[in-house]
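One structure below.
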Amino acid sequence: MDSQTMATTWWMVIGCGTLVLCWLVGWLGYIELRKKQMMFEDRRVAIENGVAPPPLPPKQLDGWPGVKQRELELKAEERRLRIEKGLHVDDPKPPPKTRADYLRRGIVATCLGAGFALSYVALSASRIDISGVGEALAWCLGLAPIVFLYGVANLIYQRYVPTTADRGPVRQDS
């Protein structure tokens with residue numbers, strides 16, 4: 001196959017691929033548009049007939065932020081309903097930190113501080129001439145002792161945390 005035929009073939013493949021991609025993006029856009037139109041169709045019909053329209057659906061975020069947002073909305077709604085009914089509302093308090101929490105935090109921070117120190121040593125020993133190495137050296141030099149000492153402080157403090165958390169006076173329900 002000569003070079004002219006090969007070039008023509010590749011241009012046809014690239015052109016067809018581009019057309020298919022454009023068609024796919026347009027089709028997905030049309031599907032999204034129809035979905036939104038159908039979502040508001042009930043509201044339009046209700047307004048035309050003089051009836052109060054149904055409420056708009058809540059805007060949903062995708063992924064984990066949406067799940068967390070919805071969870072907080074439901075908790076707030078439940079709290080509001082309990083207050084309206086005159087029921088007791090518990091204000092949830094986070095559980096007290098245990099020795100394992102401080103130990104985990106201390107180990108992670110100490111390792112991060114040591115990693116910053118090793119990064120500083122590696123960058124300064126390599127003598128790489130790339131823009132940004134000076135800033136990276138400064139960050140490593142500044143963060144290494146701070147993070148390392150924070151980790152060591154947590155490791156020391158975890159030795160003095162009581163093994164059983166003080167939960168206040170115990171109620172005797174009889």
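The values are calculated or read from the model by the stated rules, or taken from the named source; none is laboratory data. Given the structure is predicted, the values throughout are model-derived calculations rather than measurements. Here the Cβ is made from the backbone with ideal geometry for all residues, glycine too, and neighbour counts use every protein chain on show. Side chains included, ligands, DNA and RNA excluded: accessible areas come from the protein's heavy atoms. Shrake-Rupley method; radii C 1.70, N 1.55, O 1.52, S 1.80 Å.
Points to keep in mind about this one:
- Dipole orientation for the stretch 2-142: of the candidates Trp11, Gly115, Leu81, Leu81 has the Cα lying most toward the positive pole (charges on Cβ; Lys, Arg +1; Asp, Glu -1).
- Computed with a 1.4 Å probe on the full set of protein chains, the accessible area for Leu87 sits at about 90 Å².
- Remark: relative contact order (the stretch 96-161) = 58 percent; criterion is Cα-Cα distance under 8 angstrom and separation of 6 or more residues.
- All other residues whose Cβ lies under 15 angstrom from that of Leu155 are scored, Lys and Arg at +1 and Asp and Glu at -1, for a net of +4.
- Taken over the chain, lysine pairs spaced eight or more positions apart, or on distinct chains, with alpha carbons under 16 Å apart number 5.
- Mean separation of Cα contacts under 8 Å (6+ apart) over length of the chain, as relative contact order %: 20 percent
- Here the accessible area is traced with a 1.4 Å probe on the protein chains. For the stretch 46-131, carbon and sulfur cover 63 percent of it.
- Read-out mean projected area of the Cα convex hull in nm², derived from the coordinates shown; its label in (1) 13.7; (2) 14.2; (3) 26.4: (3)
- In the context of the full protein assembly, Glu135 retains an accessible surface of approximately 110 Å², using a probe radius of 1.4 Å and ignoring ligands and nucleic acids.
- Among 88-95, 99-106, 156-163, the peptide with the highest mean count of other Cβ atoms within 10 Å heads the list, and the full ranking is 99-106, 156-163, 88-95.
- Solvent accessible area, Å² - Phe116, 1.4 Å probe, full protein context: 60 Å²
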